[in-house]
């Protein structure tokens, strides 16, 4: 899981197994951020449409912008969802990370080693944008 800023540059990264729900991984990933300040808004896909997650992030001062899942009442008006179209920036970050062969193929057996490679890739992305 990765969190990017408004320009698509990495703020936080995390590696876990594929089985847990993504909405449970947001807070541990925020704890491992590379910058001191918390983001004001976070944009996520439909997997992040959760009232408990919204409340926990709201307590930290973060607004969660996510489209509603099917068969769920509307919890947001259309204004914040206009920001959802900027989600391509996080997808671009994942595309940049996939340019590193070691991350794309995942040759590392242990999660800590793979996390180190992902963080190294994030550092190279940040250095390219200086």
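The values are calculated or read from the model by the stated rules, or taken from the named source; none is laboratory data. This one's a predicted model, so the numbers in the text were calculated from it and none came from an experiment. As a convention, Cβ positions derive from the backbone with ideal geometry for all residues, glycine included, and neighbour counts pool all protein chains shown.
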- Query: Looking only at segment 50-76, which residues are at pLDDT below 85, part of a loop (DSSP other than H, G, I, E, B) and either surrounded by fewer than 16 Cβ atoms within 10 Å (Cβ to Cβ) or touching a helix residue (DSSP H, G or I) at 6+ places or on another chain (Cβ under 8 Å) (or both)?
  - Reply: 50, 66, 67, 68, 69, 70, 71, 72, 73, 74, 75
- Test: residue in segment 116-126 that is out of contact with any helix residue (DSSP H, G or I) (no Cβ under 7 Å at 6 or more places or on another chain), surrounded by 11 or more Cβ atoms within 10 Å (Cβ to Cβ), without any contact (Cβ under 8 Å) to a residue 24 or more places away in the chain and not in a helix (DSSP H, G or I): no
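For segment 98-115: of the residues being outside any helix (DSSP H, G or I) and in contact with a helix residue (DSSP H, G or I) (Cβ under 7 Å, 6 or more places away or on another chain), which is surrounded by the fewest Cβ atoms within 10 Å (Cβ to Cβ)? Steps first, answer last, please.
Keep residues of segment 98-115 that are outside any helix (DSSP H, G or I), which gives 99-100, 106-110.
This time we only want the ones that are in contact with a helix residue (DSSP H, G or I) (Cβ under 7 Å, 6 or more places away or on another chain), so: 100, 106, 108.
Numbers: 100: 16, 106: 12, 108: 16.
Checking each candidate, the answer is 106.
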- Which one of these does residue 95 not meet: (1) loosely packed, with under 14 Cβ neighbours inside 10 Å; (2) in a helix (DSSP H, G or I); (3) over 16 Å from the mean Cα position of the chain (by Cα); (4) modelled with pLDDT of 90 or more? (3)
- Going through segment 1-49 in order, the residues found to be in a strand (DSSP E or B) and free of Cβ contacts under 8 Å to residues at least 24 places away in the same chain are 12
